[in-house]
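Here's the structure, in structure tokens; my notes come after.
The values are calculated or read from the model by the stated rules, or taken from the named source; none is laboratory data. The structure presented is a predicted model; accordingly, all values stated were derived computationally and were not measured. A quick note on method: Cβ atoms are made from the backbone with ideal geometry, for glycine too, and the neighbour counts reach across all protein chains shown. Ligands, DNA and RNA are excluded from the accessible area calculation, which covers all protein heavy atoms including side chains. Shrake-Rupley method; radii C 1.70, N 1.55, O 1.52, S 1.80 Å.
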2 protein chains.
Amino acid sequence: LFGIANVRAQDPLPSWNDGPAKQAVLAFVKDTTDKSSKKYVEPADRIATFDQDGTLWTEHPLYGQAAFALARVGEMAPSHPEWKQKEPFESVLARDNAAMSKFTEADWMQIIAVTHAGMSTEAFQGLVKGWLANAKAPRFDRPYTDLVYQPMLEVMKYLRTNGFRTFIVTGGGQEFVRVYSEQVYGVPPEQVVGSSIATTYVNTNGKPVLMREPKPFFIDDGPGKPIGINLFIGKRPSAAFGNSAGDTQMLEWTQSGDGAHLMMLVLHDDAKREYAYGPAANLPDTHVGTFSEALLTEAKQNAWIVVSMKNDWKRIFPFDE
Amino acid sequence: LFGIANVRAQDPLPSWNDGPAKQAVLAFVKDTTDKSSKKYVEPADRIATFDQDGTLWTEHPLYGQAAFALARVGEMAPSHPEWKQKEPFESVLARDNAAMSKFTEADWMQIIAVTHAGMSTEAFQGLVKGWLANAKAPRFDRPYTDLVYQPMLEVMKYLRTNGFRTFIVTGGGQEFVRVYSEQVYGVPPEQVVGSSIATTYVNTNGKPVLMREPKPFFIDDGPGKPIGINLFIGKRPSAAFGNSAGDTQMLEWTQSGDGAHLMMLVLHDDAKREYAYGPAANLPDTHVGTFSEALLTEAKQNAWIVVSMKNDWKRIFPFDE
Ligand SMILES: [Ca+2]
Ligand SMILES: [Ca+2]
């Protein structure tokens with residue numbers, strides 16, 4: 001009896017149901033840290049990369065950063081009376097969800113330009129902090145940073161305990177995620193790789209700032225993920241976690257390295273506790289965080305592990321019972 | 001007597017003569033690591049950034065990476081008979097130093113395009129490794145990586161021993177420096193920030209590579225240094241070390257942060273043991289690693305510490321007596 005209690009207390013992944021996904025994580029850590037294993041990985045090379053939206057926190061009905069941008073448009077609107085007759089702002093201010101769901105990349109770039117640029121990096125970080133402190137995610141009515149997945153926090157912590165460095169590799173904004181990554185995920189700013197806009201160095205009277213410009217600099221999505229990993233880390237990950245088409249190349253890149261690998265994709269098949277979307281596995285189609293049938297096919301071909309939120313996760317959020 | 005021997009044995013900077021520069025490093029470390037000091041810096045925020053060429057290793061008569069590029073042109077020449085009548089290659093192949101010293105940025109970009117691009121990142125790393133193993137720096141007739149400054153290695157090690165992370169922030173090629181940074185400086189690849197060209201993800205038959213393209217992506221020089229520091233590290237350094245105009249903004253950025261700072265510039269005033277160039281301080285003018293009179297003026301105004309190689313350094317290279 002004491003033995004059983006002890007084993008339970010030591011389970012590094014208590015929010016995971018037993019099954020192939022949990023076993024794969026445990027086996028990967030055992031192999032990469034056992035010096036007698038052929039799959040042993042030197043501590044300096046223990047790199048694990050995690051997509052954020054839909055892999056570490058909830059991305060429905062809208063990416064957290066998009067919610068921030070739309071809230072900013074609302075706050076800025078009084079100084080921009082022209083927005084009432086100017087798209088895409090008009091639809092944002094009218095809370096026209098149908099119109100917003102059809103926004104093009106160019107529409108979003110206009111929104112990003114006014115909400116994410118034209119200010120210093122410090123000013124931007126301050127806005128993000130302020131928003132995080134007050135905004136509530138729909139349905140759960142909690143701060144966005146409460147909606148992180150407890151099982152993934154356990155994987156990150158377990159990997160770090162075993163000498164891995166955990167990096168976030170996100171299509172979202174690097175500077176945005178860095179504001180809360182340490183507190184929420186235990187990932188310091190320098191281990192966040194993301195999309196970014198250009199910045200300009202401006203030194204006025206010995207008070208230099210980096211001004212954020214309305215111009216994309218790097219898009220960390222799809223092929224941009226291995227490119228960003230090489231650029232920022234310079235080492236190939238041994239483990240990579242994602243949930244949608246934009247993670248395909250990161251997982252391919254991870255798998256093609258020498259030694260041990262672990263590639264996992266989170267499938268949102270739990271409408272009751274979180275959200276359900278695909279369209280893979282006959283789940284509802286979605287514009288946010290698409291898990292396509294093609295991705296599921298590639299996952300099967302490459303023996304990537306598909307995590308079922310419904311079946312593999314005992315608990316979804318830290319605040320769940 | 002035992003006490004004196006003990007103090008000597010513990011000197012973390014034995015290659016530095018006693019003086020304001022050495023004292024500044026010692027005082028900085030004392031202040032930033034003493035919890036009772038107002039200048040205490042939390043371990044997670046202990047960041048020090050180092051320019052490479054002329055700050056950590058010799059850059060005369062030519063940057064190491066330029067020597068690599070010119071050697072590559074020579075190796076590739078048999079497959080490019082047209083280069084014999086085509087500038088800038090003609091001058092390179094004729095070893096026409098006068099002509100090469102007048103190469104424009106566009107000339108160098110042509111040389112970079114053929115020597116640094118059109119191959120995978122792995123292939124490029126292999127070429128750099130091969131070159132480093134065989135190339136000899138002029139005058140000293142030693143491998144380029146022997147020509148690192150022992151006093152700076154001591155500063156880097158001393159900072160790391162005290163919880164600092166040491167980053168290289170170089171105008172040189174990030175992928176180039178990463179090949180040897182760990183072995184030569186104890187700086188892992190992910191702590192090298194540098195200039196880079198664009199890469200493209202190409203996956204042929206499940207064997208993905210990153211192809212290096214003949215297109216600049218990021219220039220980590222001048223204002224690019226604080227931009228690169230923010231992009232790659234996301235934290236402001238407490239200490240920064242450089243040697244030329246391209247480091248100005250990095251030092252300004254470091255100085256403008258909260259808490260303790262240390263800003264140092266290496267002045268090459270030692271023609272006997274290394275090289276002497278300015279044109280600041282009435283030293284010979286140079287096209288490589290210019291230390292201008294304007295930089296010296298800004299250094300004095302801002303109380304940046306100018307390190308005299310001649311007076312502050314007891315020993316220059318690890319191989320010196
Ligand atoms: Ca995602
Ligand atoms: Ca330099």
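Things to note:
- Breaking point among (1) open to solvent by 10 Å² or more (accessible area, probe 1.4 Å); (2) out of contact with any helix residue (DSSP H, G or I) (no Cβ under 7 Å at 6 or more places or on another chain); (3) within 14 Å of chain B (Cβ to nearest Cβ), for A:MET263: (2)
- Flag for B:MET250 being touching a Lys or Arg at 6+ places or on another chain (Cβ under 6 Å) and aliphatic (A, V, I, L, M): yes
- Taking (1) open to solvent by less than 10 Å² (accessible area, probe 1.4 Å); (2) more than 8 Å from every other protein chain (Cβ to nearest Cβ) in turn, B:TYR275 satisfies each apart from (1).
- For the range B:51-62, a residue qualifies if it is more than 9 Å from ligand 2 (Cβ to nearest atom) and part of a loop (DSSP other than H, G, I, E, B), and the qualifying residues are B:THR58, B:HIS60, B:PRO61, B:LEU62.
- Here is the figure for the range A:304-321: residues that are touching a residue at least 12 places away in the same chain (Cβ under 8 Å) and either part of a loop (DSSP other than H, G, I, E, B) or among the acidic types (Asp, Glu) (or both) total 9.
- Single residue of the range B:231-245 satisfying the filter (within 12 Å of another protein chain (Cβ to nearest Cβ) and either open to solvent by 10 Å² or more (accessible area, probe 1.4 Å) or not hydrophobic (A, V, I, L, M, F, W, C) (or both)) that is farthest from ligand 1 (Cβ to nearest atom): B:PRO237
- Of all the listed residues (A:ALA99, A:ALA21, A:ALA77, A:ALA48), the sole one being of a type in the set (Gly, Ala, Ser), part of a helix (DSSP H, G or I), touching a helix residue (DSSP H, G or I) at 6+ places or on another chain (Cβ under 8 Å) and in contact (Cβ under 8 Å) with a residue 60 or more places away in the chain is A:ALA21.
- Candidates B:MET211, B:MET152: the one that is in contact (Cβ under 8 Å) with a residue 40 or more places away in the chain, open to solvent by less than 30 Å² (accessible area, probe 1.4 Å) and in contact with a strand residue (DSSP E or B) (Cβ under 9 Å, 6 or more places away or on another chain) is B:MET152.
- Output for the range B:174-208, where each listed residue is polar (S, T, N, Q) and either more than 11 Å from every other protein chain (Cβ to nearest Cβ) or surrounded by fewer than 22 Cβ atoms within 10 Å (Cβ to Cβ) (or both): B:GLN183, B:SER195, B:SER196, B:THR200, B:ASN203, B:THR204, B:ASN205
- Residue within the range A:217-228 that is more than 15 Å from ligand 1 (Cβ to nearest atom), within 21 Å of B:LEU231 (Cβ to Cβ) and surrounded by fewer than 18 Cβ atoms within 10 Å (Cβ to Cβ) present: yes
- Breaking point among (1) away from ligand 1 (no atom under 16 Å from the Cβ); (2) more than 14 Å from chain B (Cβ to nearest Cβ); (3) open to solvent by 20 Å² or more (accessible area, probe 1.4 Å); (4) of a type in the set (Ser, Thr, Tyr), for A:SER292: (1)
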